[in-house]
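Data first, discussion second: the structure below is written as structure tokens.
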Amino acid sequence: MSSRSPPRVRAALAAVGIALVALPWLIGPFGDAWVRALCFAALYVMLALGLNIVVGFAGLLDLGYIAFYAVGAYTYALLASPHLTEHFPALAHAFPHGLHVSIWAALPIGASLAAAFGILLGAPVLKLRGDYLAIVTLGFGEIIRIFLNNLNAPLNFTNGPSGITLIDPVRIGSFDLAHPGAILGLHPSSLHLYYYLLVGMALLAMLVCIRLQDSRLGRAWMAIREDEVAARAMGINVRNVKLLAFSLGATFGGIAGGLFAAFQGFVSPESFSLQESIVVLSMIVLGGLGHVPGVVLGAVMLAMLPEALRHTAVPLQDAVFGRVLIDSEVLRMLLYGLATVGVMLYRPRGLWPAPEHGAAITAGKTSQAVPRHG
Amino acid sequence: MDTLVQQLINGLVLGSLYALIALGYTMVYGVLNLINFAHGDVLMVGALAALSAIGVLHGLWPGLPGWLLLILGMMAAIPVCVSLSLVIERIAYRPLRHAPRLAPLITAIGVSILLQTMAMLIWGRNYLTFPQLLPEAPLHIGRATISVTKMVVIGLAALIMGALLWLVQATRLGRAMRATAENPRVASLMGVNPDSVIAMTFAIGAGLAAVAGVMIEATYQVAHFYMGFIPGLKAFTAAVLGGIGNIAGAMVGGIVLGLIEALGAGYIGQLTHGIFGSNYQDVFAFIVLCTVLILRPSGLLGERVADRA
């Protein structure tokens with residue numbers, strides 16, 4: 001692809017690449033919290049790109065997307081922590097040293113499990129109209145969370161609300177990202193290494209998304225989004241193509257989830273609440289539904305927002321009012337809500353919308369003037 | 001047997017509450033084809049406003065009897081919810097009335113986040129206790145019990161639903177609402193102003209939500225900024241179960257869903273030999289929702305075909 005790109009694009013890509021490599025070293029002196037926020041931004045980019053396949057490309061509103069993230073995260077957590085061997089003696093007998101599956105084996109497992117859940121959910125509900133689909137997926141997300149919260153009895157699978165701890169970090173060969181030691185005479189911090197890993201995965205996800213968008217499948221998704229009946233008339237197998245969107249989106253969520261579990265070393269059901277699904281949705285709506293660079297922009301902006309607010313809004317309130325009136329977490333949700341409503345009303349195609357395709361799913365008044373009735 | 005009677009009573013109470021909320025969803029859906037995602041949060045604001053009003057009134061006149069406080073609290077909640085709902089409709093939904101259908105749904109989610117966050121700022125993020133305003137002593141039916149509050153919930157819900165059916169079937173406004181739901185363009189040719197009918201629909205739905213919100217906190221004696229979400233979701237399920245857009249359907253759907261949940265929670269432990277407990281109660285509603293949507297998308301009483309791609 002790069003061989004076809006004009007030199008200006010290549011120069012810009014090179015500049016972005018250098019900036020991404022240098023970023024943790026530039027931002028590091030302001031505190032590890034910023035580098036951590038960057039790591040989470042990369043995870044959110046993966047999530048947003050996955051959800052964008054479902055909502056942005058195929059036009060299916062999914063409000064339970066975070067459930068696939070949870071499936072990925074718990075898969076890795078169970079496969080790479082002492083939890084299962086501690087609670088199931090038979091398993092402990094078979095694996096006396098614990099079940100320490102490498103992340104490179106666990107990620108495909110988690111991703112395929114998430115995809116399987118996507119198909120399981122999608123197969124019966126995808127024929128539903130947009131807003132019904134939204135509510136069913138929301139219900140699915142809540143069901144997964146309720147099960148994660150309660151599957152600690154009578155057999156302890158998920159350890160309930162307290163979550164699973166002691167999850168193995170990412171290892172590449174015998175090299176442990178949590179305890180890096182010296183590489184080539186350098187002593188990089190574990191956080192920086194995770195940053196490079198996660199950003200690398202996010203870039204890979206971007207590449208996959210861009211290639212998907214230009215593919216036959218991507219065009220089929222967009223055709224369905226614009227007009228399902230017309231797409232069917234053009235010979236697109238609507239059901240299968242929608243299912244593919246659902247399961248591919250879920251795959252992204254599953255991979256991001258596995259990386260999240262490894263990065264945190266800990267997972268609990270509260271990371272997978274409906275609020276998280278809505279946050280990811282706000283990211284893609286704000287950035288520009290269906291437009292990969294826009295989605296990445298939205299994800300990075302909203303993911304960095306809490307950290308930025310902690311460093312600006314809190315001291316600002318302290319200086320002006322003498323105390324903190326609105327803490328940064330609440331302010332973040334307030335801004336998410338305002339941004340979602342404001343963008344829909346005044347800039348319905350997002351901050352960085354796709355250049356072509358006049359009638360995207362939120363293209364304003366270009367489509368039918370009055371909803372059909374009867 | 002005792003469990004059965006007790007769970008039937010609980011289910012009826014729960015179902016009456018769901019039905020009241022479901023009416024708001026179904027009426028708005030009927031005229032606009034919009035899932036008003038913020039409906040549950042309007043309910044929450046009403047409930048918390050009533051709680052504050054009751055607190056203030058009790059502070060001013062400590063001698064006021066409980067039932068009067070409850071009525072006054074409800075009277076305070078209704079205008080709050082109605083005006084809030086009208087503002088939301090005017091600012092967030094009306095400009096998007098002719099936009100593709102995902103746009104107003106996403107806006108509604110944004111409004112829902114905003115309402116929750118604002119409520120958290122005003123009332124704090126802790127659980128607030130709602131005072132016991134009606135007599136505490138329960139009535140006994142066999143070995144099952146029902147509190148006065150629960151009886152009031154059932155009675156009030158029945159009364160309100162009767163009034164609403166009369167309003168929709170027998171008044172001028174009701175006829176205008178049915179006409180707008182059928183076809184807004186033709187309705188406006190017949191001299192109906194769709195904007196005011198839609199606003200009235202939102203107002204009535206919000207009023208019902210206010211009553212439901214106060215009754216929820218009076219029954220369970222807690223209130224907090226997130227209390228509207230789960231009832232809202234369940235009520236939407238109830239509306240779909242009954243056939244969305246259908247007013248009688250919302251009532252039937254609410255009661256049926258309440259009974260399913262209460263009986264499910266009451267018996268799941270016995271049926272699965274303790275593997276699943278009543279903490280899975282919330283799962284039933286979603287399973288019902290998925291089943292209905294897959295097998296009979298038009299709902300129990302729905303005459304409209306739900307598939308309009």
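In region A:314-327, how many residues are in contact with a helix residue (DSSP H, G or I) (Cβ under 8 Å, 6 or more places away or on another chain) and either assigned to a loop (DSSP other than H, G, I, E, B) or buried (at least 20 other Cβ atoms within 10 Å of the Cβ) (or both)?
Count: 5.
Which ranges mark the helices (runs of 4 or more DSSP H) fully within region A:160-271 that have 2 or more residues being small (Gly, Ala, Ser) and free of Cβ contacts under 8 Å to residues at least 40 places away in the same chain?
A:190-214, A:216-226, A:228-233
When you check B:GLY254 against the structure, is it more than 14 Å from chain A (Cβ to nearest Cβ) and under 18 Å from the mean Cα position of the chain (by Cα), yes or no?
yes
What helices (runs of 4 or more DSSP H) lie completely within region A:22-90 and have 2 or more residues being within 21 Å of A:GLY257 (Cβ to Cβ) and not aliphatic (A, V, I, L, M)?
The helices (runs of 4 or more DSSP H) meeting that bar are A:32-52, A:66-79.
Take region B:265-284 and flag every residue that is buried (at least 18 other Cβ atoms within 10 Å of the Cβ) and away from chain A (no Cβ under 12 Å).
Within region B:265-284, B:ALA265, B:GLY266 meet the criteria.
So for region B:195-210 (the condition being surrounded by fewer than 15 Cβ atoms within 10 Å (Cβ to Cβ) and more than 14 Å from chain A (Cβ to nearest Cβ)), does at least one residue qualify?
Yes, the conditions are met somewhere in region B:195-210.
Answer yes or no as to whether A:VAL229 is under 24 Å from A:PHE246 (Cα atoms), away from every other protein chain (no Cβ under 14 Å) and at pLDDT 85 or above.
Against the criterion (under 24 Å from A:PHE246 (Cα atoms), away from every other protein chain (no Cβ under 14 Å) and at pLDDT 85 or above), A:VAL229 does not qualify.
Looking at region A:314-341, which of its residues are touching a residue at least 24 places away in the same chain (Cβ under 8 Å) and within 7 Å of chain B (Cβ to nearest Cβ)?
Result: A:MET333, A:TYR336, A:THR340.
Considering only region A:95-105, I want to know if a residue exists there that is buried (at least 21 other Cβ atoms within 10 Å of the Cβ) and either at pLDDT 85 or above or polar (S, T, N, Q) (or both).
Scanning region A:95-105 turns up at least one residue that is buried (at least 21 other Cβ atoms within 10 Å of the Cβ) and either at pLDDT 85 or above or polar (S, T, N, Q) (or both).
When residues of region A:106-126 are filtered for being buried (at least 17 other Cβ atoms within 10 Å of the Cβ) and more than 21 Å from A:ILE255 (Cα to Cα), how many remain?
Matching residues across region A:106-126 total 2.
Take A:LEU133 and tell me if it is free of Cβ contacts under 8 Å to residues at least 12 places away in the same chain and among the aliphatic types (A, V, I, L, M).
no
Look at B:GLY174 and say whether it is in contact with a Gly (Cβ under 7 Å, 6 or more places away or on another chain) and either assigned to a helix (DSSP H, G or I) or within 14 Å of chain A (Cβ to nearest Cβ) (or both).
No.
Hey, can you tell me all the residues within region A:317-340 that are among the charged types (D, E, K, R) and closer than 17 Å to A:GLN275 by Cα?
Within region A:317-340, A:GLU329, A:ARG332 qualify.
Quick check on this structure: which one of B:ILE113, B:ILE154, B:ILE141 is out of contact with any Pro (no Cβ under 6 Å at 6 or more places or on another chain) and closer than 19 Å to B:ALA38 by Cβ?
Within the list B:ILE113, B:ILE154, B:ILE141, the selection yields B:ILE113.
The values are calculated or read from the model by the stated rules, or taken from the named source; none is laboratory data. Treat the numbers as computed from the prediction; the structure is a model and nothing was measured. Please note: Cβ atoms are built from the backbone with ideal geometry, for glycine as well, and neighbour counts cover all protein chains shown.
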